[in-house]
Amino acid sequence: MPPLHLISGTIPAMIPPQRISIPLWLALLLKKQKRCNIIPPDWMAYEHLELALKEENENAARFTDKLPYRWLEISELLLDGAADDFPQYGNNARRGEGDGGDIRVLLRGLREIRQAKARAGMNENLGGAYVQMTGLGLMEVTELKPYAISVMNDMQKLALPKDTRQERDDEDMEQDEDYDDEF
């Protein structure tokens, strides 16, 4: 392919079999057209994910720094669009298949452990002015946002005097009834 002039910069000419770093969206588009193979990032190697999972299990107080900020989004995109480019592990290697299945299991385990740790951390720090979420990825913070908002709203209600709290509960019930009437 000839060079591509994009807003973010120019991508040099792509000449097979040379390796080139390109934006993820372009790599996935070319992969879909069967015009390239994607080399997964180092942090998505099976051994690296195993190590990250082990570290998450061993340390309940903090999140591992072995994953990038957008690890969840990138891994989903790569496994959906280029699973056949992932190395073969476990049972899949014996069958000669490369579907990223074992990597998906590790990623799912990481996600579940990190979600549980984040919720536990929020529950432990309810009385505090803030909750530290250092090491969480963008999608993880986004998923926790509704839960965090409801917890903070409940904490605000508990901090109010009893008569004010009753008024606010009554207002919330009226809003819920109005919302139900719309449907």
Here is a list: Ile11, Ile74. Which entry is farther than 27 Å from Met133 by Cβ and out of contact with any Phe, Trp or Tyr (no Cβ under 6 Å at 6 or more places or on another chain)? Ile11
Could you tell me whether the stretch 42-57 includes any residue that is within 18 Å of Lys117 (Cα to Cα), surrounded by 10 or more Cβ atoms within 10 Å (Cβ to Cβ) and of a type in the set (S, T, N, Q)? yes
Failed item in (1) in contact with a Pro (Cβ under 8 Å, 6 or more places away or on another chain); (2) more than 22 Å from Leu78 (Cα to Cα), with Glu56 passing the rest: (1)
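Since every read-out is calculated from the coordinates, none of them should be taken as a lab result. Owing to the predicted nature of the structure, the values given are computational and were not obtained by experimental measurement. As a convention, Cβ positions derive from the backbone with ideal geometry for all residues, glycine included, and neighbour counts pool all protein chains shown.
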